Amino acid sequence: MTIKIEKNGRVIIATLNRPKALNALNSEVMHELALHLKKFDSDDDIGCFVIKGSERVFAAGADIKEMGNKSFSDMTREDFFSGWSDFTALKTPKIASVSGYAYGGGCELAMMCDIILAGESATFSQPEIKLGVIPGIGGTQRLSHLVGKSKAMEMILTGRIINAFEAEKMGLVSRVYSDTDLFKETLSTAHTIASYGKAAVIAAKECVDRSMEMSLAEGILFERRVFHSLFATQDQKEGMQAFIEKRSPIFSNQ
Ligand code: CAA
């Protein structure tokens with residue numbers, strides 16, 4: 001198993017587990033991660049996923065040893081990396097909890113998650129240019145959306161390593177914690193998300209995700225329609241009634 005899966009209340013923690021290869025992301029990791037998380041994606045008792053590595057490394061990239069000898073024809077026929085779309089298609093919010101190296105595919109895996117929380121030791125880089133290639137799991141696209149063209153270009157064209165604080169400042173990372181607090185704070189964020197009604201959480205995630213794809217006018221219309229649709233849920237009635245009655249809501253995912 002290249003992934004360890006644990007359940008913590010309404011949260012699933014997936015830990016990358018290829019320590020000798022610094023959690024390099026080979027095809028097995030790609031398939032196992034999506035396969036295991038998919039089992040929980042429609043489970044009403046699960047409200048958030050956490051993806052983490054070890055203290056030393058989140059993931060040092062796609063597995064260079066797996067792909068190094070492949071030909072253009074191999075890469076095309078296998079549609080190499082296309083399997084990552086099973087991971088990005090998960091509806092449940094995913095938090096990347098990053099300690100140590102998040103390089104190449106590791107940085108891209110973090111960006112495939114919905115929130116990136118980092119420990120002070122975290123470093124990020126898209127070093128593929130040094131290997132004679134370019135990012136291939138969404139790095140050129142997601143990084144540009146997240147940090148803007150100039151900063152994305154600089155990282156991708158130079159392969160420069162940035163630290164957690166710079167990553168936070170440029171908007172790649174949501175928050176930085178001390179390494180000792182990172183997991184506790186990640187779990188706390190995950191439990192907060194998992195405590196809300198799942199339909200509203202999925203709807204909010206879908207709207208933010210769509211904002212990356214749509215024009216502003218289409219996105220605002222999409223958001224408004226999704227907002228309207230939540231008035232068909234019991235959780236909307238409960239959430240608003242609880243506010244009026246000055247009590248905590250009890251969401252039923254209905
Ligand atoms: N793929 C395969 N194996 C890797 C790897 C990777 N991305 N990164 C590290 N490893 C392996 C090393 O080969 C080494 O294995 P051996 O013990 O069998 O020699 C082991 O992990 C430990 O690595 P190092 O000895 O290099 O450890 P270090 O502490 O000296 O350096 C590091 C750490 C700076 C992260 C360095 O390992 C490194 O630079 N790794 C490669 C980073 C990289 O280029 N990532 C991009 C990959 S391409 C990609 O991701 C394309 C894409 O868009 C998806």
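The values are calculated or read from the model by the stated rules, or taken from the named source; none is laboratory data. In this text, all values refer to a predicted model and were calculated from it rather than measured experimentally. So basically every Cβ, Gly included, is an ideal-geometry build from the backbone, and we count neighbours across all protein chains shown. With ligands, DNA and RNA removed, areas are computed over all heavy atoms of the protein, side chains included. Shrake-Rupley method; radii C 1.70, N 1.55, O 1.52, S 1.80 Å.
Taken about its Cα centre, the chain carries a charge dipole of roughly 200 debye when the Cβ of each Lys and Arg holds +1 and the Cβ of each Asp and Glu holds -1.
Between GLN254 and SER85, the modelled label-to-label distance comes to 3.7 nm, taking each label 7 Å out from Cα in the direction of the beta carbon. Helix 198-211 axis versus longest C-alpha principal axis of the chain: approximately 50°, rounded to the nearest ten.
Ordered from highest to lowest accessible area with the whole protein assembly present and a 1.4 Å probe, MET170, MET1, MET212 read as MET1, MET212, MET170.
Helix 179-194 sits at what angle to the longest principal axis of the chain, using alpha carbons and giving 0 to 90 degrees rounded to 10? So the inclination is approximately 40 degrees. Net charge of the neighbourhood of ASP63, taken over other residues with C-beta under 10 Å away and scored Lys/Arg +1, Asp/Glu -1, is 0. Here the chain has 57 percent of its accessible surface on carbon and sulfur atoms, given a 1.4 Å probe and all protein chains in place. Between SER42 and LYS169, the contour length at 0.36 nm per residue exceeds the alpha carbon distance by 42.3 nm.
Helix 234-244 and the longest principal axis of the Cα set of the chain meet at an angle near 70°. Enclosing the Cα atoms of the chain in their convex hull gives a volume equal to 143 cubic angstrom per residue. The shape of segment 214-254 comes out prolate: with a ≥ b ≥ c from the C-alpha gyration tensor, a/c is at least 1.5 and a/b beats b/c. Estimated at 0.36 nm per residue, the fully extended path between VAL133 and PHE227 surpasses their Cα-Cα distance by 29.6 nm. Modelled spin-label separation between SER195 and SER27, with each label point placed 7 Å from Cα along the Cα-to-Cβ direction: 4.4 nm.
Computed with a 1.4 Å probe over protein heavy atoms only, the accessible surface of segment 145-233 comes to 61 Å² per residue.
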